[in-house]
Each structure stands twice: as structure tokens, then as C-alpha cells.
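Asks: Shown below is the structure under consideration.
The values are calculated or read from the model by the stated rules, or taken from the named source; none is laboratory data. This one's a predicted model, so the numbers in the text were calculated from it and none came from an experiment. When we count neighbours, we look across all protein chains shown, and the Cβ atoms used for this are built from the backbone with ideal geometry, even at glycine.
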Amino acid sequence: MQLLTDYKIDEIPHSEHPRPQFQRDAYLSLNGKWSFGKCRQEEEITPTGEILVPFSPESALSGVEEGFVLGKDEKLVYEREFVIDEGLTLGRTLLHFGAVDQYCEVSLNGTIVGTHKGGFTPFAIDVTSAVQIGRNTLRVECVDRTEDSHGARGKQSEKRGGIWYTAQSGIWQSVWLESMPKDCVSDFTVKTDALKKTVAILVDALSKVTLCVFDGAEKIYEQESATGEFSLSHDFVLWSPDTPKLYDFTLTTEGGDKVYSYFGVRSVSTGTDAEGKARLYLNGKPYFFNGLLDQGYFSDGLLTYPCEKCIEDELTTLKKMGFNTLRKHIKVEPMRWYYLCDKLGILVWQDFVNGGGRYINSHVTVFPFLGIKHKDDDYAYFSREKAEGRYEFMQGMAETVAALKNSPSVVLWTVFNEGWGQFDSAQVTEKLKELDDTRLIDSVSGWHDQGVGKTTLRSLHTYFTPLRVPKDPRPVVLSEFGGYSLPVEGHQFSQKIFGYKVFKTEQKLHAALKKLYLEKVKPLIKKGLCACIYTQVSDVEEEINGLVTYDRKYWKVPVEFMQGLNAALREESEKVK
């Protein structure tokens, strides 16, 4: 397995504050070396091995022996000691996990303090009564059943190959402690209106809260509120990929809690253009979302990118290529990934993570290519019989929305993808609208569309048939297309490869991309196409349809070449009024 050797892995990896939109000064990263082991689930052990958190034990960067596999009847055991002073016992202390796959039980100083189910969403545990000044011992036990569970697993598979990738387990995002007074900011929600240039902030706190807003170093707003409700009106610069303007702000309670955050003022909606065609809107105007499918897998870290510099460089390159959108595919990234998209100006279409049982009916995946769709209240057809699994999906959806609700870059939720674990999509979509009425929704991306009025978009996945814009009162998007593949000797995961259309030379790949973008996609914009999401950012294991290889060492498509194709799409989209 090749490493991203151009990037330095720190002794404490990912030590930056994990929540840029909810920062406090009293913070301690618990990433780094932990004691580690595995045993049968009914056993108790003191781990004697070592692992580098937050990398999963199946990844090369974890330091665990190559070929590590967690058995179905086994559990992972993590332990570490840490020392804290009075600065982390201010009245209330929280222990945060970015993500732990798949189920975990957490103990502090011998006391079980909490559990969590769901491998892709962040959670926090109040450890005020268990933490102590001086030395503390933290223990985390994890179970991961992958496909034998009905919970969220995304693209992980025990039998990887093709579009299914190596399964991982355990802690794979940052772990940290933070402390605050009892009179603290528990939560807050930011909603912006680009047309009115207003911002509403609702704060959950026990006492009066003071809000300060900054434009760079200049304070432009200060107000106290006994209710935690703030309404701002200002000549805000609107946030967009062209102008990713962010405003910093602080929230301070009477009890002395101070939270640092930021917002960007933008709105997304749907409407019609001058010719009556349904369109997607950004900040009150028709906008063409031109992006890439982003799986977020890395050759050395699997679901965990090696370091912040690595991912910032990648996002910057994609922006230079002229892309304005990334579809984060069946994965929830660390919060700092979304911060970088906020800062750089990259729109994010966020998938919820799929689950459900193993498919027992190949018709689920085959029939949609023939134009045949199926009612998604047939749970057995979609391997969604387990009520527990359906509940867990809804819980994961709510947790994902709660985590990302204030990010300006996140503009669309994808509920179900290609029928994987799909169920009751119309009702689930309505529930999502209750959770968040400010973003677009693609409730059934690709297949098994449940009809007009049941989804926000007409969402197409087109790899083998001609690209088109079907008649539909909803905005039509290509939420997946392309998938052109090029094997690059010396940069492949294995000699076994998967791709929708494989080319033998860069010249042939570039010629095909030029024809695809200029002759097939560009003419569809005038006909009503609102977005195109090309598959994909990078190769992932055997799947080699990325613009860059899995090890991120070789770009198959030059920046300038892709710039030209995307500039042509942008020029055409700007004709839409």
C-alpha cells in the first residue's frame, strides 16, 4: 500500500481544533498513540499493542500490522492515559468523538460514561462527574459488524472489489476534551437570507448571551439577548464559490463561556428561468452546479485523510480546475473538511450514509437501467426489513444534519443513493424538511424515483446510456456520470481494475473527456440541465476512474485542460437568466 510520503504525519495527528464553527479555548486533543488490542466480545483484556489515533487499525497510518481484520465475534479495545489541570474542569467537561465505527462503549476512570451507535457521525459525552484533575484513564471498546449489521456502513465491504472498498473499524476521527462553565452555549443555529441580506442566530443557553460579529478585524455588530435570539441586517458580502466571504463571530454567556464561530450569507432554492425551465438557484439567481463525486478514501488512511495540508491541497487543485461543487458520497467527513470548503468556496452535496441488509434481489440494481422502478415501501425488496436499521438511518440523518447545519458550503442533502437501503423516501424527505428547510434535497439519487412532487430534484445517474434532459417539472441534475478510467502503472492498488469505460492512454482519455463535456453536457444546459457531477475525484482501490490516482501522486488530467472544459460549461450556464 503506497503512502502519501510528501506529507508529514505529526506525533499528534489532526491536532487542529476539530470544530472550527464551535471552538473554545479550553481544549485538549487526545489524538496520538493509544494502547490497543482486540479480543472476543465476552472477554476483558488490558491492551498491549499500539495504535495511532485517529487512524483505523486496517489503515497503514495506524501503525497496526498489515492485514489486520476484526472478526465478527471480536471487539477492539483502546486505552490511554492523559493528565488535565483545572483549566479543563470549569464546571462541565465534554469528551468528543468525531466518528467511531460502528458501535462503542466509553469508560473513564473505570466508569462507563456513554455509548454510541453509528459509525459516521460525531457525538459528545458529558464526563463532568468522572473526570479528575491529574491522571485519567480512558477506555473505548468497539464492535463493527459491517454488512452483518443493518446500520450505516457506506462503501465498506468485507468482500471488497469494484465499487466496494476495504472495511475499517474503530476510531477514525479525532478525539478531544473541552470544558466550559455550567452556564454555557449548548448549541446554536444560523440561518441566512441572501436576498434580504439578513442573518438569524438562535442560541441555546441558560443566561443572557452577547453576540459580536467581525468583518476581518473590524467589529460590525454587538448585541445582548436574554432569549438567545439575534436578527442581523447588514450589507453582507454574499458567500459563493466566486466570493467565499466568511464573517467571524463570538457568543459569550454571563457565566463566562465563550464560543468562536463564523457564518457565510447565502441561500439556495429552486425556480424557473426566463424560458420556464426548472432551475437550481444560488443567492436568488440560476446557478449551474459543476462538480465531482468525492468518495473520500485514501491509500494510507482509508476513510481518514493523512493531514490537513494534504486535503487542503487537493481541494485547492479541484477549485483551480474550475469545479464549484463536490458530492460527498456516502460518507461524513471531519468538520474541518467542511471548514475548508467554506473557506475555499466549494459547494457540497452531502449524502447520508446508507445501510440496510445485503441485497437478495438483483432486480434492485438491474431494473432501473431498463427504466423500471419499484415502490420503496416494499422493505424486503430493498433489504430494509429490520425496523432497527430503519430507525438507525433516521437517527444518523438527524445527527448529520445537526453536525453540518451551520456550514455555508453544504447546500444539498442526498437521502438515498441508487436504492441502497431505500425505504419510505417520500416520508423520510418530509422528515428531513422538518429538520432543515434551508437546503435542497435529492431524496432518491439515481434510481427508484417515487414520482413528481415526492423529491426536490429529478436525479439521474448515466454511465452507459446517452445523456439527456427528460421532461419533468423538477430541476434535472446529472448526479453521477462519466466514470472514465485510466490505469497508471506504478500507481495502482492492484492489477485487477474496475471502470465504466477504460482508456489506455492519457491522450485518449483527454479526447473522450473533451467530447463528453463540450459535445454532450454543454448542449444540455440550455435544455434545462441544472448540474453535473462527474465520477470522480480519485481512484479508490480497484476502481480507477479518478482524476488523480489513489495514492494522490499522479494527476491523470492537467489542471489547465480541465479548466478549459469547465470554463466552457460556465460560459454556457451564464446565458441562463
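Asks: Sort out which residues of the range 228-240 are in a loop (DSSP other than H, G, I, E, B) and surrounded by fewer than 17 Cβ atoms within 10 Å (Cβ to Cβ), and write them in order of number.
Replies: Correct list: His234, Asp235, Val237.
Asks: Looking at (1) surrounded by fewer than 19 Cβ atoms within 10 Å (Cβ to Cβ); (2) assigned to a loop (DSSP other than H, G, I, E, B), can you tell me which one Ala402 breaks?
Replies: (2)
Asks: Exactly one condition in (1) of a type in the set (Phe, Trp, Tyr); (2) in contact with a Gly (Cβ under 8 Å, 6 or more places away or on another chain); (3) without any contact (Cβ under 8 Å) to a residue 60 or more places away in the chain is not met by Phe481; state its number.
Replies: Single failed check for Phe481: (2).
Asks: Looking only at the range 335-350, which residues are in contact with a Phe, Trp or Tyr (Cβ under 8 Å, 6 or more places away or on another chain) and either surrounded by fewer than 23 Cβ atoms within 10 Å (Cβ to Cβ) or not polar (S, T, N, Q) (or both)?
Replies: Answer for the range 335-350, where residues must be in contact with a Phe, Trp or Tyr (Cβ under 8 Å, 6 or more places away or on another chain) and either surrounded by fewer than 23 Cβ atoms within 10 Å (Cβ to Cβ) or not polar (S, T, N, Q) (or both): Trp337, Asp342, Gly345, Ile346, Leu347, Val348, Trp349.
Asks: Please tell me if Val131 is in a loop (DSSP other than H, G, I, E, B) and surrounded by 18 or more Cβ atoms within 10 Å (Cβ to Cβ).
Replies: Here the answer is yes, as Val131 does meet what is asked.
Asks: If you don't mind, there's one more thing I want to ask. Being assigned by TED's automatic domain parsing to the domain that holds Leu340 and crowded, with 20+ Cβ neighbours inside 10 Å narrows it down to one residue among Leu251, Leu293, Leu280; which is it?
Replies: Leu293
Asks: Further question: Mind listing whichever residues of the range 256-289 are in contact with a Lys or Arg (Cβ under 7 Å, 6 or more places away or on another chain), more than 22 Å from Ala200 (Cα to Cα), in contact (Cβ under 8 Å) with a residue 60 or more places away in the chain and not in a loop (DSSP other than H, G, I, E, B)?
Replies: Once the filter is applied, which keeps residues that are in contact with a Lys or Arg (Cβ under 7 Å, 6 or more places away or on another chain), more than 22 Å from Ala200 (Cα to Cα), in contact (Cβ under 8 Å) with a residue 60 or more places away in the chain and not in a loop (DSSP other than H, G, I, E, B), the range 256-289 yields Ala278, Pro286.
Asks: Let me ask you something else. Yes or no: Val64 of a type in the set (A, V, I, L, M), modelled with pLDDT under 95 and either surrounded by fewer than 18 Cβ atoms within 10 Å (Cβ to Cβ) or not in a strand (DSSP E or B) (or both)?
Replies: For Val64, the condition - of a type in the set (A, V, I, L, M), modelled with pLDDT under 95 and either surrounded by fewer than 18 Cβ atoms within 10 Å (Cβ to Cβ) or not in a strand (DSSP E or B) (or both) - is not met.
Asks: A further question on this structure: Can you tell me which residue among Leu61, Leu76, Leu28 is within 21 Å of Lys309 (Cβ to Cβ) and among the aliphatic types (A, V, I, L, M)?
Replies: None of the other options fit; the residue is Leu61.
Asks: Something else about it: Answer yes or no as to whether Glu79 is touching a residue at least 40 places away in the same chain (Cβ under 8 Å), surrounded by 19 or more Cβ atoms within 10 Å (Cβ to Cβ), closer than 19 Å to Ser174 by Cβ and acidic (Asp, Glu).
Replies: Answer is no for this residue.
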